[in-house]
Amino acid sequence: MKQLIKIISVLALFFTTFTVAGAQDSTPDQVRVPNNILSGEALGEFAQGSPESGNIMSRGNMFFTNENEHYSSGIWEAQPGSMTIQNQAYAEIAYIVEGSFSINAPGQSAVTYTAGEGVVFPKGWTGTFTVPEGGVKMIYSTYTNGSLPFAQSNDVVLIDRDTVDGRRFADFRPFDPDVSDIVARTHEFYRTEDQKFGVDVWEAQPGEVPFADLGYDEMIYVLEGNMSFINAADGIAQIYSEGKAVVLPKGWSGTGVVSTTGARVLIFWYFHGER
């Protein structure tokens with residue numbers, strides 16, 4: 001497992017890698033994240049990861065790393081403390097499930113983010129990351145690619161609560177109408193300069209959409225409603241409700257089904273190939 005530097009996934013140095021996918025073949029299975037990982041019950045003991053940069057005690061699990069090791073997804077939980085980050089070597093998307101954290105970039109006032117919000121740290125980000133009383137738990141995805149330039153701005157990108165909750169969306173439109181009966185709306189919060197890594201929120205009314213040989217990896221975190229994904233290879237269906245997560249890896253084929261209650265999800269994605 002590669003070392004992830006400094007913030008959030010830096011402390012993956014003591015993460016326990018947990019493989020939830022089935023045996024890999026030409027048609028990979030969906031990667032269901034177990035409930036005891038998402039709840040924190042199976043994350044192990046808190047430990048200090050990088051004493052030279054701060055005093056944060058944390059634990060976590062990197063439940064997916066793709067074949068070229070550019071993209072990873074996981075969950076991270078920390079107790080109160082702080083650490084200093086200098087020129088973070090990767091881009092990172094973090095969505096807070098419980099608690100809060102604050103960041104203080106040079107020349108700027110500290111800003112606190114709480115559960116139901118998220119932050120994108122661009123490659124090269126510098127500042128102080130602080131976990132207050134009550135701690136924090138978050139899901140994250142990272143993009144590590146030496147050819148991606150450092151961001152020109154040190155500003156983070158906010159995954160704001162109003163949009164996540166569905167209050168700042170465009171109108172519903174047919175989603176891939178050639179093959180799907182789903183009506184959906186979406187908002188893109190961020191993508192990297194090379195167009196390979198980003199995060200969206202997607203809300204859909206009931207329906208189905210087929211997928212064939214995906215050209216990207218994506219972690220889907222359910223905010224509201226229910227979705228199920230049916231593997232084309234074996235017909236096995238998995239249902240995901242609020243607070244659950246799944247990774248659809250590159251090459252996956254199957255059907256996504258939005259339940260009768262609809263669904264709203266966050267999608268953390270990494271695109272393979274050129275765009």
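Computed from the coordinates by the stated procedures, all read-outs in this text should not be read as laboratory data. None of the values given here were measured: they were computed from a predicted structure. Here Cβ is always computed from backbone atoms with ideal geometry, including for glycine, and neighbour counts include all displayed protein chains.
Any chance you could run the full-extension gain for A233 through N55? It's 0.36 nm times the residue separation minus the Cα-Cα distance, nm to one decimal. Mind showing how you got there, number by number?
Numbers: separation 178, 0.36 × 178 = 64.08 nm, distance 4.66 nm.
Additional length available on full extension: 59.4 nm.
Lys pairs in the chain, Cα-Cα under 23 Å, at least 8 apart or on separate chains: how many?
Taking the Cα cut-off of 23 Å, the pair count is 11.
Over segment 209-273, calculate the relative contact order: mean separation of alpha carbon pairs under 8 Å at least 6 apart, over the residue count, as a percent. Could you put the intermediate results ahead of the total?
Details: 154 pairs, mean separation 32.3, N = 65.
Here the relative contact order equals 50 percent.
Ranked from highest to lowest mean number of other Cβ atoms within 10 Å per residue, what is the order of the peptides 98-110, 132-144?
Taking the mean over residues of other Cβ atoms within 10 Å, the ranking is 132-144, 98-110.
Magnitude of the Cβ-charge dipole of the chain, K/R +1 and D/E -1, about the Cα centre, nearest 20 debye? Spell out each step's value before the answer.
Values: 17 positive and 33 negative charges, 104 e Å.
The dipole magnitude comes to about 500 debye.
Express as a percent, rounded to the nearest 5, the fraction of DSSP beta bridges in segment 173-271 (both residues included) that run antiparallel. Can you show the working numbers first?
Numbers: 44 of 44 bridges.
Antiparallel: roughly 100 percent of the beta bridges in segment 173-271.
Per DSSP H run of at least 4 residues, take -39500 (n - 2.57); add these up for the chain, divide by its residues and hand me the 222 nm value, nearest 500 deg cm²/dmol. Could you put the intermediate results ahead of the total?
Working: 2 runs with 9 residues, N = 275.
Helix-only estimate at 222 nm: -500 deg cm²/dmol.
Going 7 Å from the Cα of A115 along its beta-carbon direction, which residues of segment 125-144 have the amide nitrogen within less than 15 Å of the resulting point?
Counting backbone N atoms under 15 Å from the label point, the list is 132-139.
Grab the other residues whose beta carbon is less than 15 angstrom from that of V222, score K and R as +1, D and E as -1, and report the net. Walk me through the numbers on the way to the answer.
Numbers: positive: R32, K244, R264; negative: D165, D200, E203, E218, E224, E242.
Computed value for this residue: -3.
Pull up all non-local amide H partners of G262: gap of 5 or more, or a different chain, and H-to-H distance under 5 Å with H placed in the peptide plane.
Here N226 satisfy the definition.
Provide the packing ranking of 222-229, 111-118, 74-81, i.e. peptides ordered by the mean count of other C-beta atoms within 10 Å per residue, highest first. Don't skip to the answer; put the middle values down first.
Values: 222-229: 19.1, 111-118: 17.2, 74-81: 20.9.
By packing density, highest mean first, the sequence is 74-81, 222-229, 111-118.
Note down the Stokes-Einstein diffusion coefficient of segment 168-235 in µm²/s, whole number, using a Kirkwood radius over alpha carbon pairs, 10 °C, and 1.306 mPa s. Walk me through the numbers before you get to the answer.
Numbers: Rh = 13.9 Å.
In µm²/s, the coefficient is 114.
Quote to one decimal, in nm, the extra length available between R167 and Q48 on full extension: 0.36 nm per residue of separation minus the C-alpha distance between them.
On the way: separation 119, 0.36 × 119 = 42.84 nm, distance 3.88 nm.
Here the answer is 39.0 nm.
Here are labelled values, (1) 18.3; (2) 14.1; (3) 19.2, and one is the computed mean projected area of the Cα convex hull in nm² for what I pasted. Which one?
Recomputing mean projected area of the Cα convex hull in nm² here picks out (2).
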